[in-house]
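Since the structure comes first, as structure tokens, the remarks are kept for the end.
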Amino acid sequence: MASFTTHRLRAHDRARSPALRFAALCTCLAEFAPYGFRATYHHLCHSAGIPPEPEQDPEAVVRAVAELHAAREVWTAGFLAWRGARREQKAAGVRVPDPPEPRRRLWCPDPEFHPAEPLPVVMRRIMRAPAGDLGCCPVCPEGRGTRTWHDGFTEHTLCAGCGVSLVGRATEPAPGVVADRAERWRLVWRRRA
């Protein structure tokens, strides 16, 4: 598979058809998606204004991939700094990283409920989030409470302000919920929601 950078350049290439440029954006999302693929896809489609038919606004894909790239640059810079410090710790015999590796993503299971701020701004907060289940939302500046959301297999406790999953609990499959969520995702995927 080609790298994020290769597909980012393909999304910028005006010689390619809008559909191919859009496909390149989706491949970039497969490589780097701070809220998970679906929620990051929804965020970028709305923030960049990607229409249902990419031919209507080919530059929307460029705006989306630029925002995603900026967030990835924030994460890369933080990760490289952490990696350098970690090498020094290993040389000194420290076997448990302190601080732990910066997070690359926070899970937003509901694709239509995620942080609204630009990805690079939120990425800085994501990187500071502790590992494992979260006691409080690292994205929202103050506690906004929680709400429950079920995807058909897992009951998630979400931050009521931004949709970040604080904890998930496996449940019995709920076929009606699964079908409803699948239909809603089809609308999001086609940029009709």
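The values are calculated or read from the model by the stated rules, or taken from the named source; none is laboratory data. Fair warning: this is a prediction, and the values are worked out from it, not measured in the lab. Ideal geometry is used to build each Cβ from the backbone, glycine not excepted, and the neighbour counts take in all protein chains shown. Surface accessibility is based on the protein's heavy atoms, side chains included, excluding ligands, DNA and RNA. Shrake-Rupley method; radii C 1.70, N 1.55, O 1.52, S 1.80 Å.
Report yes if some residue within the stretch 89-112 is in contact with a strand residue (DSSP E or B) (Cβ under 7 Å, 6 or more places away or on another chain), open to solvent by less than 30 Å² (accessible area, probe 1.4 Å) and assigned to a strand (DSSP E or B); otherwise report no.
There is no residue in the stretch 89-112 that is in contact with a strand residue (DSSP E or B) (Cβ under 7 Å, 6 or more places away or on another chain), open to solvent by less than 30 Å² (accessible area, probe 1.4 Å) and assigned to a strand (DSSP E or B).
For the stretch 115-144, give me the residue count where each residue is open to solvent by 30 Å² or more (accessible area, probe 1.4 Å) and within 30 Å of PRO175 (Cβ to Cβ).
Result for the stretch 115-144: 1.
Of all residues in the stretch 67-88 being under 19 Å from SER3 (Cβ atoms) and without any contact (Cβ under 8 Å) to a residue 12 or more places away in the chain, which is least open to solvent (accessible area, probe 1.4 Å)?
Among those that are under 19 Å from SER3 (Cβ atoms) and without any contact (Cβ under 8 Å) to a residue 12 or more places away in the chain, it is THR76.
Please go through the stretch 174-193 and give me each residue that is touching a helix residue (DSSP H, G or I) at 6+ places or on another chain (Cβ under 9 Å), modelled with pLDDT of 90 or more and open to solvent by less than 50 Å² (accessible area, probe 1.4 Å), ordered by number.
TRP185, VAL188, ARG191
So which residues in the stretch 161-193 are more than 18 Å from HIS43 (Cβ to Cβ) and part of a loop (DSSP other than H, G, I, E, B)?
THR171, GLU172, PRO173, ALA174
Which residues, counting only those in the stretch 131-165, are farther than 15 Å from HIS114 by Cα and of a type in the set (Phe, Trp, Tyr)?
Hit for the stretch 131-165 is PHE153, nothing else.
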